[in-house]
Amino acid sequence: MNSIHIKGNGLLEGEVYVQGSKNAVLPILAATILINGVCIIKNCPEISDVDCMLGLLRSLGCKADRDKEQLVIDTSAISESRLPGELVTCMRSSVMLLGPLLAVCKETTMNYPGGCVIGERPIDIHLQVLGKMGASFILEKDSVKGRAPNLRGTCITLRFPSVGATENGIMAAVLAEGTTVLRNCAKEPEIRQLCDFLNKAGAKIYGVGESELIIEGVKKLNPITYNIEPDRIVAGTYLLSVAATGGNAYIRNAPFEEMTAVIDVTRRLGCEVTRTTGGILVKREGRLMPVPYIETMVHPGFPTDLQSVLIVALAVAEGESIVEESIFSDRFKIVGELNRMGANITVNGNRVYIRGVKQLYGSDVAAADLRGGAALVLAGIMARGDTIVRNCHYIKRGYEDICRDYRMLGACAVGIG
Ligand code: EPZ
């Protein structure tokens with residue numbers, strides 16, 4: 001499927017089930033390298049980034065089998081420490097293999113990671129953290145070669161709470177000699193899930209959920225079975241979608257606790273949001289209100305991954321809004337496409353100025369990244385007339401089946417080609 005055809009039809013009503021978390025399962029799959037044996041990962045989303053990570057694990061000599069949402073990963077026969085360029089460049093998360101490979105194979109070579117073009121994606125913090133633990137790197141034009149005869153625990157303060165660099169630091173430290181103190185760590189829920197996975201396998205990570213983590217190196221980790229939690233960004237996509245179109249929906253197994261900033265903004269947009277035992281009820285019957293100013297922030301602030309969807313909602317709010325993107329340097333790629341659909345949005349540096357319009361109009365638009373692509377599907381649902389969203393392979397990186405999900409909410413969206 002590389003394009004999605006949508007008949008604009010306004011209100012969303014229905015019930016949708018939230019898939020397992022992409023940004024939790026990817027580092028956990030990388031962490032299986034640290035465990036010599038067979039791990040079972042349950043509730044894994046069926047998305048192309050997971051397929052890419054499984055391909056990387058297989059290229060190292062691991063066995064990786066999938067039966068729908070269950071993965072069986074056998075890392076007992078790792079025979080390679082170099083990663084194939086074509087797979088690494090297809091996904092930013094390949095960089096999360098750096099720490100585990102240095103910990104287990106003592107060396108690795110990989111291309112600079114690829115992924116969505118949402119701005120500069122340097123890996124200097126990853127290299128800073130691993131370097132402080134004793135790794136050395138040779139940076140070539142397209143690739144990085146790392147060596148670490150024996151990683152040692154130490155105290156490290158990250159210059160920025162990078163999610164991936166925090167995850168690499170944790171994975172390098174769990175089998176290192178001595179104790180590592182990581183300061184200014186990212187606190188995204190996916191970090192907690194990685195720590196939970198590793199502690200269940202026998203690691204000694206303390207301060208989980210905090211910005212300072214203390215990790216006592218252990219000799220070995222043991223294979224486990226682990227259940228991936230629901231994806232807070234997918235859940236937030238559908239919460240904000242109902243805000244944008246109006247209507248009401250039940251977002252089953254949405255992780256309410258991890259979505260406070262998104263829930264707050266959804267309420268400011270004019271929605272009623274109610275927690276239930278099994279998920280979130282969201283309803284908007286009245287006006288779609290503007291949000292005068294909001295900034296994307298590290299957790300628990302408003303997540304950058306929902307910035308595109310929020311902009312689409314604000315495009316038809318009754319007033320003016322400003323959204324500031326403080327995490328990535330080039331994450332407003334959908335603005336041009338939205339303005340072609342009748343929106344009135346101006347980009348100035350890392351801010352967008354949105355003047356709400358009455359209606360968007362169907363058009364032929366192209367996704368340029370994962371979350372922007374999802375946001376364009378929402379724009380098509382809100383628009384009058386038909387919309388085609390092209391380059392939908394981006395969306396498949398993080399959403400199992402966005403057409404299925406939106407159809408569960410009453411939309412008319414069909415994947416083609
Ligand atoms: C993770 O990416 C997520 N991906 C991203 O989700 C998410 O947007 C991001 O965290 C922020 O929350 C996964 O978890 C697989 P960062 P990551 O390192 O780890 C700069 C999605 O849509 N930086 O926290 O790559 C970087 O350029 C994706 O699901 C450095 O300068 O994010 C960025 O500006 C998109 N040097 C900022 O930090 C480094 O060494 C945040 O990046 C590393 C990062």
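The values are calculated or read from the model by the stated rules, or taken from the named source; none is laboratory data. Source: prediction; values computed, not measured. Because the Cβ atoms are built from the backbone with ideal geometry, glycine has one as well, and the counts that use them run over all protein chains shown. Surface areas here come from the heavy atoms of the whole protein model, side chains and all, with no ligands, DNA or RNA. Shrake-Rupley method; radii C 1.70, N 1.55, O 1.52, S 1.80 Å.
For Lys187, the conditions (1) among the basic types (Lys, Arg); (2) assigned to a loop (DSSP other than H, G, I, E, B); (3) more than 30 Å from Pro290 (Cβ to Cβ) are fulfilled apart from (3).
Tallying residues that are within 12 Å of the ligand (Cβ to nearest atom), under 18 Å from Ala313 (Cβ atoms) and open to solvent by 20 Å² or more (accessible area, probe 1.4 Å) within segment 366-399 yields 0. Please find, within segment 146-182, the residue that is nearest to the ligand (Cβ to nearest atom) out of those that are charged (D, E, K, R) and over 16 Å from Pro113 (Cβ atoms). Only one residue tops the list, namely Arg159. Consider segment 343-365 and keep the residues that are among the basic types (Lys, Arg) and surrounded by 14 or more Cβ atoms within 10 Å (Cβ to Cβ). The one that is farthest from Arg384 (Cα to Cα) is Arg351. Restricting attention to segment 206-225, the residues being open to solvent by 10 Å² or more (accessible area, probe 1.4 Å) and under 17 Å from Ile28 (Cα atoms) number 7. Screening the candidates Ile345, Ile416, Ile402 for the property of being within 16 Å of the ligand (Cβ to nearest atom) and of a type outside the set (Ser, Thr, Tyr) yields one hit, Ile402. Failed condition for Val72, given (1) assigned to a strand (DSSP E or B); (2) within 16 Å of the ligand (Cβ to nearest atom); (3) open to solvent by 30 Å² or more (accessible area, probe 1.4 Å); (4) not basic (Lys, Arg), with all others met? Failing condition for Val72: (2). Residues in segment 122-145 that are within 13 Å of the ligand (Cβ to nearest atom) and farther than 23 Å from Arg183 by Cβ were compared, and the one that is surrounded by the most Cβ atoms within 10 Å (Cβ to Cβ) is Val144. Of all the numbered requirements in (1) surrounded by fewer than 24 Cβ atoms within 10 Å (Cβ to Cβ); (2) within 23 Å of Gly398 (Cα to Cα); (3) of a type outside the set (Gly, Ala, Ser), Arg82 misses one, and that requirement is (2). The residues in segment 289-310 that are open to solvent by 10 Å² or more (accessible area, probe 1.4 Å) and either over 19 Å from Ala374 (Cβ atoms) or part of a loop (DSSP other than H, G, I, E, B) (or both) can be counted, and the count is 11. Taken over segment 24-60, the residue count meeting the criterion of being under 20 Å from the mean Cα position of the chain (by Cα) and either assigned to a helix (DSSP H, G or I) or not polar (S, T, N, Q) (or both) is 25.
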